[in-house]
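Beneath this line is the structure, given in structure tokens, with notes to follow.
The values are calculated or read from the model by the stated rules, or taken from the named source; none is laboratory data. This one's a predicted model, so the numbers in the text were calculated from it and none came from an experiment. No Cβ is skipped: glycine too gets one built from the backbone with ideal geometry, and neighbour counts run over all protein chains shown. SASA here: full protein model, heavy atoms, side chains in, ligands and nucleic acids out. Shrake-Rupley method; radii C 1.70, N 1.55, O 1.52, S 1.80 Å.
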Amino acid sequence: QQQQQQQQQRQQQQQQRQQQQQQREAFVERKAGPEAPRLEPRARATAEEMSLLERLVYPMPAGEFMRDVWTRKALVVRGAAARLDSLKANYLFDLDVREMLENTASEKIFAWLPGRPAAATGETGQAEDRDGPIGSVELGSADDGMTAFESGASLYFRSSQRAADRWIPALTESMGLGFAGRYNDGDVRGEIETFISHPGNLTPAHFDYMDTNFTIQLAGCKTWRLHRSTVQNPLRGCTPHYKLSDDTLEQQAKVNQLEDPEYSSAQARPGPEVVVEEVTLAPGDILYFPGGLFHRVEVAGTEVSKSINFSLMTTNWADFIADSLRQLMWTDARFRAPISLSDAAYVTPDSGTDARQVDAQASRGPLARKHLASLLGQVGDWLMADESSTGLHPADMLSKAIVQRQEPEESDNDGDDEDAAAAGGDQSDSADGDDEDDDVDGQDEPIRATDGDDAAGAQGVSSDRPNGGTLSPPSATLGAARYRVNCLAALVGPEPAEEEGKNRYTMHSHFGNEDISSAVQCELVLPERVTPVLSWLVRAKKSESPAFTLASICRETAPFTRELGAEKISELLEMLSEAGFLTKL
């Protein structure tokens, strides 16, 4: 029996080791890339050059990173320090702390108080808790930041705006984030964080909510201790290491408990049963870690550590779907109606109840719940609608226009031009040194009908924000193609255009957010004679069966189509489909 027990114990220990090894492999992956290419802010890969993402994760293929690593686990990439020379010289002022502070995009500089040595003792004679909450001080100037740094404090601030404008868009583009990597006004959903830390500085374990974090070690070394949390893709962080108010910690707890009802900030201090992975980063090394992964970071060695973090806050599916559904609900007056809990507000002639007999204050709830149930039923109908009916359809939500939304063009040079080498030039310059090819203001030509007798055609698209693009020439293919007016789009106009005989329209889509800002906005200049066709399309949006074919619109808009011809109407429909006003079924 004793031998059997010992054998069982050995088997259990072996199983535990195997489980720990699986856990370790599940959340940290390591790649050695001593010959890794230098970092350059290239948004797109070419046959000769790698994109920024490919350079960050080399030698792992970018597709493998997006499939197996992104938002799922950490990735450690080893590389030579020389790969960072261009980045440091052209965008980080050769790591000169004062120049970095003078050019920061931050309104405030945060100074962390020096970390306590491991042997420090309190009044009780017991070793103090180095992983307890840390304090920070907000500073308003570069001079204050230098004074704090020279006094032993570690610093946190954002990079220059010029560096962020160059590298963050390149990262979002190379990751294929598209519209989800930017706000509707065109600003990128990310920043470059800068950390200047003295030897021994310790940031206790915590996790962040940003989905993408690429930490680049520039100078000195840092040791990271990583362990899993029970929350994946968090909406809020877990930051008990800061001296935060109880309200902040409670806010974090209630949101994180949506996924894990047993969540607690105590997870930041792992017990002996929790697998902890340790990684030390040296200059040239890169660490990717997702939101929700606990990390405890300490400066190793005797040299000041300097590092930056590319941090992204990508639009999530919940917000995208919720905004789309809200915009659809706005089309129905019942959803736009204010809420009342008085049953009297929901008495209808066919309800069998006399409104005069309902106490507006005493009777609360039953009829309001019944009314809410009917609204939810309508939402269910929209979600289950077939493609020919009004509803929330993936083809409308991820229309061709928003999927191919063009952002401001970024030059693919490596920043080694004369302006970039200055590194501290005019911060109002464009992201790549004010190249002529930039179109930061999105001032391309609007969509216009071609000259002569053409009823439709496309030369370009413009917007008062950098979210426009260039439309490909419309297809003249005729046939039984079916269309539906996109329920998330609106066509504003017509207004007289500068050109005689033409009208100007503005197409908006995806504006169901609280700010009512449009994710896609483009301008169309079209001949006056297509106005009846556009008017019919706007009315079709409210019909019970909004789907139509070329034949049906020609029939419904006669005699206008006899003058234009089916081919020109087909070109117009194709153009409106590319702009996002129509969805091609």
How many residues are modelled with pLDDT of 80 or more and loosely packed, with under 15 Cβ neighbours inside 10 Å if we restrict to region 236-247? 1
Which of the strands (runs of 3 or more DSSP E) found entirely inside region 108-227 contain at least 3 residues meeting this: of a type in the set (A, V, I, L, M, F, W, C) and either open to solvent by less than 10 Å² (accessible area, probe 1.4 Å) or at pLDDT 90 or above (or both)? 109-112, 190-197, 212-219
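To keep it simple, each residue is scored yes or no on (1) at pLDDT 85 or above; (2) of a type in the set (Phe, Trp, Tyr); (3) touching a Phe, Trp or Tyr at 6+ places or on another chain (Cβ under 7 Å); (4) not in a strand (DSSP E or B).
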{"residue": "453", "(1), (2), (3), (4)": "no, no, no, yes"}
{"residue": "480", "(1), (2), (3), (4)": "no, no, no, yes"}
{"residue": "494", "(1), (2), (3), (4)": "yes, no, yes, no"}
{"residue": "500", "(1), (2), (3), (4)": "yes, no, no, yes"}
{"residue": "508", "(1), (2), (3), (4)": "yes, no, no, no"}
{"residue": "511", "(1), (2), (3), (4)": "yes, yes, no, yes"}
{"residue": "514", "(1), (2), (3), (4)": "yes, no, no, yes"}
{"residue": "554", "(1), (2), (3), (4)": "no, no, no, yes"}
Residue by residue through region 288-316, note down the ones that are surrounded by 15 or more Cβ atoms within 10 Å (Cβ to Cβ) and under 23 Å from residue 93 (Cβ atoms). 299, 304, 305, 306, 307, 308, 309, 310, 311
Which one of these does residue 543 not meet: (1) surrounded by fewer than 19 Cβ atoms within 10 Å (Cβ to Cβ); (2) closer than 27 Å to residue 185 by Cβ? (2)
Just to be sure, is residue 487 open to solvent by less than 40 Å² (accessible area, probe 1.4 Å), farther than 23 Å from residue 181 by Cα, in contact with a Ser or Thr (Cβ under 9 Å, 6 or more places away or on another chain) and of a type outside the set (S, T, N, Q)? yes
Subset of region 562-585 [surrounded by fewer than 19 Cβ atoms within 10 Å (Cβ to Cβ), in contact with a helix residue (DSSP H, G or I) (Cβ under 9 Å, 6 or more places away or on another chain) and assigned to a helix (DSSP H, G or I)]: 562, 563, 566
Which of the residues belonging to region 228-251 are under 28 Å from residue 29 (Cα atoms) and not in a strand (DSSP E or B)? 229, 230, 231, 232, 233, 234, 235, 236, 237, 239, 240, 241
Checked region 67-104 for anything basic (Lys, Arg) and either assigned to a loop (DSSP other than H, G, I, E, B) or open to solvent by 60 Å² or more (accessible area, probe 1.4 Å) (or both); matches are 67, 72, 73, 78, 98
Only one residue in 41, 59 is modelled with pLDDT of 80 or more, assigned to a loop (DSSP other than H, G, I, E, B) and touching a helix residue (DSSP H, G or I) at 6+ places or on another chain (Cβ under 7 Å), so which one is that? 41
Quick check, is residue 325 modelled with pLDDT of 95 or more and either part of a helix (DSSP H, G or I) or open to solvent by 70 Å² or more (accessible area, probe 1.4 Å) (or both)? yes
Given (1) open to solvent by 60 Å² or more (accessible area, probe 1.4 Å); (2) within 34 Å of the chain's Cα centre (by Cα); (3) over 20 Å from residue 401 (Cα atoms), where does residue 538 come up short, assuming only one miss? (3)
Search region 391-403 for residues that are more than 21 Å from residue 332 (Cβ to Cβ) and touching a residue at least 40 places away in the same chain (Cβ under 8 Å) and pair each with any residue that is in a helix (DSSP H, G or I) and acidic (Asp, Glu) when their beta-carbon atoms are under 7 Å apart and the residues are at least 6 apart or on different chains. 400/578; 401/578
